Amino acid sequence: MKLLVTAILALVLAGTVVSSDLAFGPDHSFLWNQFNAFQVIDSFALVTSDFGLASLKLDAFSGTFDPKNHLLLGNQALDVNISGALATVTTSSGLAYFVDLSQLPELTLIGQADLGTTVFDMVLVSSDLYLACGFDGLRHYRLEGGNDLVFVDSSLAPVHCTQVEVEGADLIVLDDYNGVLRFRPSPTSIGPVQDEILVPRRAMSFSLMGDMVILPLVGKDLVYRGTFDGGGMLVDSTRLTVVPDQVFAIDTFLVAIDLGGRVMEVASTQSDSRVLVVLPFSLELTLTGDTYSVEGAPHLALVSRKNSLLSYNLRNITDGNQPRSVYAHPGQIRALGFHRDRLATGGDLNPLETYAIDGEMSPVFDAALLSLTGATSVIDAGSFLIAHFGSISQVQTLSVSNNSITRIAYLAAATPPGGMKYYPYPNSDTAAMLLMIDHTGIDILGVNSRGLIRRAGFARAVDNILSAVVIDTTLLIATDQKQILYFHIFPSFRVLYKGSVSSVGLLTHMVNTGMQRNPTGGLEPGIILGFDGNQMYEVYLGSMGVPRVSLLGTLPIAVTSSAIGPFTLYTIGPMGVCVFDLGNFFPRLLRYGGYGGSLVAYGDSVLATSDGTAIHLYSNRDGTITFTPVEEPTSIAAPTGYLLPNYPNPFNPRTTIDFDVPRFGRVEIDVFDILGRQVATLFEGPASLGVHSVTWDGTDSEGRRVASGVYFYRMTMDDFSESRKMILLK
């Protein structure tokens, strides 16, 4: 989530007062996954994520969707609605963004508007915006200048308006209490109802299949078909095997999805043919997706938070049929680093890839190791790249050149939960040492100048290891019992335990800043910095080699990882990035902001960060990292509090929500369903400065269990409101 700061926050480090920028955003973002919505337009698709809107191109040969362009938006993008060459993107904050699609795959932001009401659906036709506003009916606005909404008129003919689509010159509107209405609007008026299809039970949605309107019923296993020919009437009905949460229609197929039962039913509209498909429990499905055709074959793509896009070929579907992943980068990003001026990245379901960064800060694909996925870490080792692959429990040294990645050597090694750390080590005849940090031990590997790997030593701790760092011939290990263990490192990389000291904090991350230039131009040995959330410490080795820990100061945002640049330290945490100057003996905070995450890397004057769902690039080619504003046609009011991601997500049966309060005030945390209806209030009242937590157990305000599906939680404080998405699975 983007950090927006409205007041000056001060930090005193080494006597320097530091203030933040006001609005932050990367120069470029790419490799998105964990989509919120998916819509197909011709041979392209649009997807929304927490970081905005992306265009994908369908490759008819491979059947996959490849990412082409990304449009960063200042708010969490939820849904996208396509009308001709225009797309309307709704967000968690109630803002709508309007995007020009006339030059796909290019995406051009042309405006935004604050909708100011609960909106269930919308459609933009030229400059006319029609909103489905529940009991407030159908509203008609004119969009002027890309940002200004001018009210034109409204209609209360729909009792509860939840869906609106455009079909030729007509508006088709769902009144989920009564049925479907057809309007033929003019530039000055919605006009009267032309035709209506009355439904004896509540319909959850509608789909258009040729001249037929498909209407699944709320909580029923029944689907109606109706037509507007002859004034509007029901033609027939289809009894389903499942009670669907959503229904799709394409070609001659009707697809009903029961998310709670994890069953999909595919029914033919021309025969009694039915196929039931059990959805794998490994899939984290939401209720969004779209139909499309590949070489005449109808397909259904569903959004999965874990696998991004999963597709079924409806023509060849059988019982037990498994979906196919049709997105090029479906899994979480786990590895991020630079090597030979290239960005290297990999993850759960993604191959290890390298990219060059061009003059416009855009990534240019260079090479991929297609035979392997599941990289958990990558490290620049000078003439070669070191990567760990959790999928095969191996650490490998790799040679990277233009358009190719080849393996030099490998060694069996379990996935290190604490990650890998690499240290060139001149005191040994081996070129470098590699730390594989486990829960209660550190496996020490030697890597020679040819890239060959060997096991060299092992350091054991009684308690859980939080972090480790090497300085000269000393290995320091911080544990969860606020202890720092110190070991002597021999040239062979064997280690000898020397002792332990108490630490004033839980040092979840430690970093050796390396040799840095002092104010007089000379070089100074690096210092060890430790971080406990937003507390920064120095870990100093005294004359006897015994570590001492001292507090340097409090940072405005927490730290989980770091990267070293020329005389600069970059840290990252859940709320953003900090940039420190290392040229003055002690680190001096220069600026902070950007997107939060857990991965950070620096190389070739480029800072790269990731939260696992996207990679963000910040330019340092002019010598200064600037957190530039995300592209916006107009300014957006900055929030005064921060709503953090819930965990776990998806969840069953309960999840925890953290929220950060910047000052004493009244706060409300509410839960809403996908239709915008309030489900429960988790917190309401005064809250003190700091981070607070609430838990939701999947029940409504009456204590009743709610159904599986997508829900939203919202934090409200003063004039600020922020929402996030969560998924309840049963």
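A few points about this structure:
- Residue in the stretch 63-82 that is over 23 Å from Thr613 (Cα atoms), open to solvent by 10 Å² or more (accessible area, probe 1.4 Å) and part of a strand (DSSP E or B) present: yes
- So Arg494, is it modelled with pLDDT under 95, over 24 Å from Gly457 (Cα atoms) and of a type in the set (D, E, K, R): no
- Here is the figure for the stretch 401-455: residues that are part of a loop (DSSP other than H, G, I, E, B) and over 22 Å from Gly390 (Cα atoms) total 12.
- Among the residues making up the stretch 292-305, a single one is closer than 14 Å to Phe65 by Cβ and open to solvent by 30 Å² or more (accessible area, probe 1.4 Å): Ser293.
- Boolean, Pro187 is over 20 Å from Pro158 (Cβ atoms) and crowded, with 22+ Cβ neighbours inside 10 Å: no
- Among the residues making up the stretch 230-249, those that are more than 17 Å from Val199 (Cβ to Cβ) and at pLDDT 90 or above are Thr241, Val242, Phe248.
- Within the stretch 542-557, the residues that satisfy the criterion of being aliphatic (A, V, I, L, M), open to solvent by 30 Å² or more (accessible area, probe 1.4 Å) and within 18 Å of Met510 (Cβ to Cβ) are Val546, Val549, Leu551, Leu552.
- Flag if Ser102 is more than 28 Å from Leu181 (Cβ to Cβ) and open to solvent by less than 20 Å² (accessible area, probe 1.4 Å): no
- Meets criteria (among the aliphatic types (A, V, I, L, M), under 36 Å from the mean Cα position of the chain (by Cα) and either modelled with pLDDT under 95 or open to solvent by less than 10 Å² (accessible area, probe 1.4 Å) (or both)) for Ile437: yes
- Selection within the stretch 344-364 - hydrophobic (A, V, I, L, M, F, W, C), touching a residue at least 40 places away in the same chain (Cβ under 8 Å) and more than 17 Å from Ser399 (Cβ to Cβ): Leu349, Ile357, Met361
- Of all the residues in the stretch 200-235, those that are acidic (Asp, Glu) and either farther than 19 Å from Glu167 by Cα or not in a loop (DSSP other than H, G, I, E, B) (or both) number 2.
- Some residue of the stretch 15-28 being in a strand (DSSP E or B), of a type in the set (Val, Ile, Thr) and either buried (at least 23 other Cβ atoms within 10 Å of the Cβ) or at pLDDT 90 or above (or both): no
- Scanning the stretch 330-362 for residues that are open to solvent by 30 Å² or more (accessible area, probe 1.4 Å) and under 23 Å from Asn307 (Cα atoms) yields Gln332, Arg334, Asp348, Leu349.
- Single residue of the stretch 193-214 satisfying the filter (loosely packed, with under 14 Cβ neighbours inside 10 Å and touching a residue at least 24 places away in the same chain (Cβ under 8 Å)) that is nearest to Val159 (Cα to Cα): Leu198
- Considered as a group, the residues in the stretch 137-152 that are modelled with pLDDT under 90 and part of a loop (DSSP other than H, G, I, E, B) include one that is surrounded by the most Cβ atoms within 10 Å (Cβ to Cβ), and that residue is Gly146.
Each row is one residue, and each column tells you yes or no for (1) charged (D, E, K, R); (2) within 19 Å of the chain's Cα centre (by Cα).
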residue: Ala301; (1), (2): no, no
residue: Ser308; (1), (2): no, yes
residue: Asp319; (1), (2): yes, no
residue: Gln332; (1), (2): no, yes
residue: Thr345; (1), (2): no, yes
residue: Asn350; (1), (2): no, yes
residue: Thr354; (1), (2): no, no
residue: Met361; (1), (2): no, no
residue: Asp366; (1), (2): yes, no
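- Taken over the stretch 566-586, the residue count meeting the criterion of being surrounded by fewer than 18 Cβ atoms within 10 Å (Cβ to Cβ) and either of a type in the set (Gly, Ala, Ser) or touching a Cys at 6+ places or on another chain (Cβ under 8 Å) (or both) is 1.
- On the stretch given as the stretch 520-541, residues that are among the β-branched types (Val, Ile, Thr), modelled with pLDDT of 90 or more and surrounded by fewer than 18 Cβ atoms within 10 Å (Cβ to Cβ) total 0.
- Within the stretch 251-265, not a single residue is farther than 27 Å from Leu46 by Cα and open to solvent by 60 Å² or more (accessible area, probe 1.4 Å).
- Of the set (1) in contact with a helix residue (DSSP H, G or I) (Cβ under 9 Å, 6 or more places away or on another chain); (2) of a type in the set (D, E, K, R); (3) in a loop (DSSP other than H, G, I, E, B), all apply to Asp195 but (3).
The values are calculated or read from the model by the stated rules, or taken from the named source; none is laboratory data. All figures in this text were calculated on a predicted structure; none of them were measured in a lab. Cβ sites come from the backbone with ideal geometry, for glycine too, and all protein chains shown count toward neighbours. We work out accessible area using only protein heavy atoms, side chains counted, and drop any ligands, DNA or RNA first. Shrake-Rupley method; radii C 1.70, N 1.55, O 1.52, S 1.80 Å.
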